[in-house]
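S.K.: One structure coming up, written as structure tokens, with questions to follow.
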Amino acid sequence: MSRLSVLLPQLQNWGCHNCGGCCREHQITITDAEHQRIERQCWTVADGVPADRPLMVSSAAGWRLNHQDDGACVFLDAAGLCRIHSKYGESAKPLACRMYPYAIHPAGSGLTTSLRFSCPSVVQNLGAPVVAARVAVEALAAEAVAAKQSDVACPELRAGVPFDWSRLTRLLAWLERGLEQSGLPFVLRLQRLLGLLELLELAGTETVAEDSLGQLLPALYAASERAYPAVAVSAGSAGAQRPQRLALTMLRQLAAQLLRHDTAAMVSSGPVRRLGLLCDGLRMTLGWGWVPEQSDPESVRVAFVERAGLSERRRRVRFTELESVLGGGRPEIDELFHRYFHVKLQGRAFCGPAFYGYSVIDGLRSLVLMYPAVLWVARLRAAAEGRGLLELRDVQAALATLDHNFGYSPVLALAGSRRRVRQLAQLRQIAPLVAWYGR
Ligand code: SF4
């Protein structure tokens, strides 16, 4: 099989540390060929696989690997290792298992690579630089991507305005340049990005044409810098204006959707459990009283809770506690978000085929909304442990939890989710949300 050239993020490290989280939190869809290969492996109870259920089940999307009662893959052993890998080697595993946490997307004549921050090793930047894994990623890409990847159309810049991959690359280069300014608070860098998008949205179709874009982007960025001067924002600024009530409600709704972690065990749970989820969703919308209790995904519990020995020290939290100043704009937190945005922008993992067919501008705004949503959840974690100041691990755990759904939850594909992004932009409330939860 021939190799394909892929664009890799420069700032990201990764190495698997065998937490087993991805073997518990994902529905692994397999092809007919993979189904037949696993059949031929002739698994028996003597290998330790469960005897009371089929190892693979058919679903609407085709075949998938079955789960144990606790939600773990049927092939996950007690030591947290994959039985297929142990017995037959890595290449015998389904492609979806070998691919994680990479996500490869077509972009014009090439491919881009993003990483899923639901993997604790990705969020903590553990392991070797991703650029050193080029050969392995390109081999995966050759298996994963159809040969006609260059036929995938670039998403529209905004509804009704066609764009192309070359212009998208130029736009992203400008956005990346703005986000790289490590001397400025990340809040300010995001606000300037939003300012540029606002101006770009007003530009006519001919103004964003290939030959005009080179002059347009620096002019728009300079205008955005004037709109958001450095003197107005300092790291951890306590003086941010409170966003409108509607914007706060929408942000909580987004956080609630991103927090949903429907494991196989949960999907098959009864009506009482589903009614409970509905009530929790309503409380998140209203924002009164106590925040519904959240259970951590397995990978987050292993990486960020058990290790710190804090799992039993959680307390209930009132919604109002999450609106105080909690020190969100510290350098180590800014570094994490800068790396996250770099990976998602380089991987084109926020629009088009990688993100529910969103336009470039809607997708970028959805990505920016991850900043206040993640910090809202990080605040919840800190408050639940009785702390009045965020720690890096709060933000890492929140990002690992929420990024699991970013680009993957079908809820974000719904018309209501798209409408929310546009409504927040029309109300000019995304920048205030960024500033409010970034303090
Ligand atoms: S979640 Fe990441 S670190 Fe954990 S087993 Fe999967 S790839 Fe490895």
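The values are calculated or read from the model by the stated rules, or taken from the named source; none is laboratory data. Everything numeric here is computed off the predicted structure, so don't read it as measured data. Quick reminder, even Gly has a Cβ in these numbers, built from the backbone with ideal geometry, and neighbours come from all protein chains shown. Each accessible area value is taken on the protein alone, full model and side chains, heavy atoms only, with ligands, DNA and RNA left out. Shrake-Rupley method; radii C 1.70, N 1.55, O 1.52, S 1.80 Å.
S.K.: Which one is nearest to the chain's Cα centre (by Cα), of the residues in segment 97-116 that are in a loop (DSSP other than H, G, I, E, B) and within 10 Å of the ligand (Cβ to nearest atom)?
M.R.: Within segment 97-116, the subset in a loop (DSSP other than H, G, I, E, B) is 100-101, 108-109, 116.
Checking which are within 10 Å of the ligand (Cβ to nearest atom) leaves us with 100-101, 116.
Working: 100: 13, 101: 11, 116: 6 Å.
Across segment 97-116, the extreme among qualifying residues is 116.
S.K.: Can you pull out every residue in segment 158-180 that is closer than 19 Å to residue 368 by Cβ and open to solvent by 60 Å² or more (accessible area, probe 1.4 Å)?
M.R.: Here is the first cut: in segment 158-180, the residues closer than 19 Å to residue 368 by Cβ are 158-159, 163, 168, 171-180.
Scanning segment 158-180 gives 159, 177, 180.
S.K.: Could you tell me whether residue 263 is within 26 Å of the chain's Cα centre (by Cα) and at pLDDT 85 or above?
M.R.: Numbers: within 26 Å of the chain's Cα centre (by Cα): yes; at pLDDT 85 or above: no.
No; evaluated as a whole, the condition is false for this residue.
S.K.: Within 20 Å of residue 346 (Cα to Cα) and open to solvent by 10 Å² or more (accessible area, probe 1.4 Å): does that describe residue 206? Spell out how you get there, then give the answer.
M.R.: Values: within 20 Å of residue 346 (Cα to Cα): no; open to solvent by 10 Å² or more (accessible area, probe 1.4 Å): yes.
No: the conditions fail for residue 206.
S.K.: Can you name the residue in segment 323-338 that is modelled with pLDDT of 95 or more and open to solvent by less than 10 Å² (accessible area, probe 1.4 Å) and, of all such residues, is nearest to residue 193 (Cα to Cα)?
M.R.: 337
S.K.: Looking at segment 124-165, which of its residues are farther than 15 Å from residue 347 by Cβ, of a type in the set (A, V, I, L, M, F, W, C) and assigned to a helix (DSSP H, G or I)?
M.R.: 132, 135, 136, 139, 142
S.K.: Select from segment 85-96 the residues that are part of a helix (DSSP H, G or I) and open to solvent by less than 40 Å² (accessible area, probe 1.4 Å) and write down the one among them that is nearest to the ligand (Cβ to nearest atom). Break it down into steps so the answer makes sense when it comes.
M.R.: Residues of segment 85-96 part of a helix (DSSP H, G or I): 85-88, 90-92, 95-96.
Right, trim to open to solvent by less than 40 Å² (accessible area, probe 1.4 Å) and you get 92, 95.
Working: 92: 17, 95: 14 Å.
Going through the qualifying residues, I end up with 95.
S.K.: Do you know which residues across segment 73-84 are open to solvent by 10 Å² or more (accessible area, probe 1.4 Å) and either out of contact with any helix residue (DSSP H, G or I) (no Cβ under 7 Å at 6 or more places or on another chain) or more than 15 Å from the ligand (Cβ to nearest atom) (or both)?
M.R.: If the condition is that a residue be open to solvent by 10 Å² or more (accessible area, probe 1.4 Å) and either out of contact with any helix residue (DSSP H, G or I) (no Cβ under 7 Å at 6 or more places or on another chain) or more than 15 Å from the ligand (Cβ to nearest atom) (or both), then 78, 79, 80, 81 are the ones that fit.
S.K.: Also: Are there any pairs, at least 6 apart or on different chains, whose C-beta atoms fall under 9 Å, with the first in segment 193-218 and closer than 15 Å to residue 158 by Cβ and in a loop (DSSP other than H, G, I, E, B) and the second basic (Lys, Arg) and modelled with pLDDT of 90 or more, and if so, which?
M.R.: Taking only residues 6 or more apart or on different chains, the pairs are 208/167; 209/167.
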